[in-house]
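The values are calculated or read from the model by the stated rules, or taken from the named source; none is laboratory data. Being a predicted model, the structure only gives us computed values, none of them experimental. Using ideal geometry, Cβ is built from the backbone for each residue, glycine included, and neighbour counts are taken over all protein chains shown. Areas reflect the complete protein model, heavy atoms only, side chains present, ligands, DNA and RNA absent. Shrake-Rupley method; radii C 1.70, N 1.55, O 1.52, S 1.80 Å.
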Amino acid sequence: MYASREDIGYDFGDDSKVGNKPIKPNPNIDGGWAWMIVLSSFLVHILIMGSQMALGILNMEWLEEFNQSRGLTAWVSSLSMGITLIVGPFIGLFISMCGCRTTAIIGGILNALGWILSAYASNVHYLFLTFGVTAGIGSGMVYLPAVVMVGQYFQNRRALAQGLSTTGTGFGAFLMTALLKYLCTEFGWRNAMFIQGAISLNLCVCGALMRPLSPKDLREKYVVRNDSEENRAKALSHSTETIKSNGVLDEEPEKKEEAANEEVPGSVQHIEIGGKSGSGRSMYGLRLFKTVSQLTVTVRKGFALWYSSYFGAASLFTNRVFVAFIIWALFAYSSFVIPFIHLPEIVKQYNLSRQDNVFPLTSIIAIVHIFGKVILGIISDLPCISTWNVFLMANFTLVTCILTLPLMQTYIGLAVVCAPIGFSSGYFSLMPVVTEDLVGTKHLANAYGIIICANGISALFGPPFAGWIYDITQKYDFSFYIAGLLYMVGIIFLLIQPCIQKKQSREKSTEEAQV
């Protein structure tokens, strides 16, 4: 029913093996410091994604304080959540130039600044700038490196590692909701945001833990992935062009560019050696020139990688399955966010508030969501299981539940549907794994930046769209039906494009055989 790894023509399997022998180029790959990276990413998800899922507490305070419409006030939270994801492609540029650690530390400072400045808000529009934009950009600068670093440090246990780190979202939803409730009750919402800003400075500590792997370790890991892909391609009699189109981007020009770039610092070193006999001022000037030259080379290389990933001959957009993945992402995330936003209102319409106050339906989704991420990650790491197939099955389960939810009008019925919604939405932990399989570790930052950007657009416009449908029909049923159908369109793209890719590869192989 689902396309296999070979059918897709992409490396959706466990790339850490060549033959039957696992290769670990560094003891910190799949162990050692890698688990500190998981801890760092886990804390990032608590402080960023958990805080965003608890913004309903502050939203009520803002409604009471500023006396604005619910729609206008809700845009503060939507902007923060949306911008966190939408800025992904631009954060990829920062990562290419500065690295994950520096990007995350700067983002932690910016996020804390956004929270603190929001404590002095005089109106909702002020919050748009300070909380929606400033804190949102800061969150994006920490969130993307947290995901990318886990992908770099893990080879055999990628799905499990991503699953464990992203469970911070569920834990954070509970912890931050309780914390913000307490702070708002005891100190008021302004002081609560000020304190939360101080807490957010811990994101800088999380960023400091993101110790980069050496270029040698990254190159060895990437070679292992390339060898696996080339062996599979030879077995399928694919051409060289086919291999390149399957996510392995041509790196020869880049290697030449790196060699040329290394000549600049090298020449500076020769100048410095010759200048040792000169005055101290000359030596200082030479060291400064060397530092500036190295920084310039780093910025040029980072920008070249970022630009080639999006617009060059080796653009990520030439990977058709990756393009289908982007289309899927545009519809998928809203189907997860809409229940969180609108379920409380549905419960109120069905006069189920008493049961929901005992155990909220959104809490059921959040709790099961935690287990779903871990369990799906464990299943995907099994050698006999395809991550791609697990990903597709989870998507089918989720879209079925979204379409079924409006049919339930009792608390038990809604709870029964919400549980699989939470579990199947655990596929979010597989998204970085699938993305890395499509484009490789080297291009993970830029590629995943595009995916979360698409998710951000979905999160930004999905809930308001559902509210607009309700204003027209006076029912939430059509909101879920439309969201589910759009989600199904995205899944169909994921199914069709690999089949087309397989057919084209076979036709090309046949033509080459005839020649």
- Message: Let me make sure I get this right: for the range 27-226, a, b and c are the square roots of the gyration tensor eigenvalues over alpha carbons, sorted descending. Under 1.5 in a/c it's rounded, otherwise prolate if a/b > b/c, else oblate. Which is it?
- Response: prolate
- Item | Probe 1.4 Å, protein heavy atoms only - accessible area per residue of the range 314-462 in square angstrom | 33 Å²
- Return the sequence-ordered ³J(HN,Hα) values of the range 45-58 in whole Hz as given by the Karplus equation 6.51 cos²θ - 1.76 cosθ + 1.60 applied to θ = phi - 60°, using x for Gly and Pro. 5, 5, 6, 9, 5, x, 5, 5, 6, 9, 5, x, 5, 5
- On the accessible surface of the range 311-507, probed at 1.4 Å, how many percent belong to carbon and sulfur atoms? 71 percent
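Per 0.36 nm of contour for each residue apart, how much would the distance between Arg190 and Arg70 grow if the chain were fully extended, relative to their Cα-Cα spacing? Provide the component values of the computation, followed by the final result.
Working: separation 120, 0.36 × 120 = 43.20 nm, distance 1.95 nm.
Fully extending the segment from Arg190 to Arg70 adds 41.2 nm.
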- Note on the structure: Extend 7 Å from the Cα of Leu63 along its Cα-to-C-beta direction; within the range 70-91, residues with backbone N under 19 Å of that point are 70-81
- Which FRET efficiency value, to the nearest 0.05, do you get for Ala178 and Ile385 by plugging their Cβ-Cβ distance into 1/(1 + (r/R0)^6) with R0 = 35 Å? 0.45
- Can you tell me which of 350-358, 95-103, 147-155 comes out highest on packing, and rank the rest after it, using the mean Cβ neighbours within 10 Å? 147-155, 95-103, 350-358
- Task: Just give me a number: lysine pairs in the range 311-507, eight or more positions apart or cross-chain, with C-alpha atoms less than 30 Å apart.
- Result: 5
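First measure r as the distance between the Cβ atoms of Ile492 and Asp471, then evaluate 1/(1 + (r/R0)^6) with R0 = 25 Å and state the FRET efficiency to the nearest 0.05.
Numbers: r = 29 Å, r/R0 = 1.17.
It comes to 0.30.
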- Note on the structure: Applying the gyration tensor rule to the Cα atoms of the range 362-416 (axes a ≥ b ≥ c; rounded if a/c under 1.5, else prolate if a/b exceeds b/c, else oblate), the class is oblate
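Could you order peptides 121-133, 181-193 by the average number of other Cβ atoms within 10 Å of their residues, highest first?
Numbers: 121-133: 18.2, 181-193: 16.2.
Output ranking for 121-133, 181-193: 121-133, 181-193.
Where does each of 360-371, 45-56 land if you order them by average Cβ count within 10 Å, highest first? Could you put the intermediate results ahead of the total?
Working: 360-371: 20.2, 45-56: 22.8.
Descending packing order for the listed peptides: 45-56, 360-371.
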- Item | Calculated from backbone phi, Karplus (6.51, -1.76, 1.60) coupling profile of the range 135-152 in Hz, x at Gly/Pro | 5, x, 5, x, 4, x, 6, 9, 5, 5, x, 5, 6, 5, 5, 4, x, 6
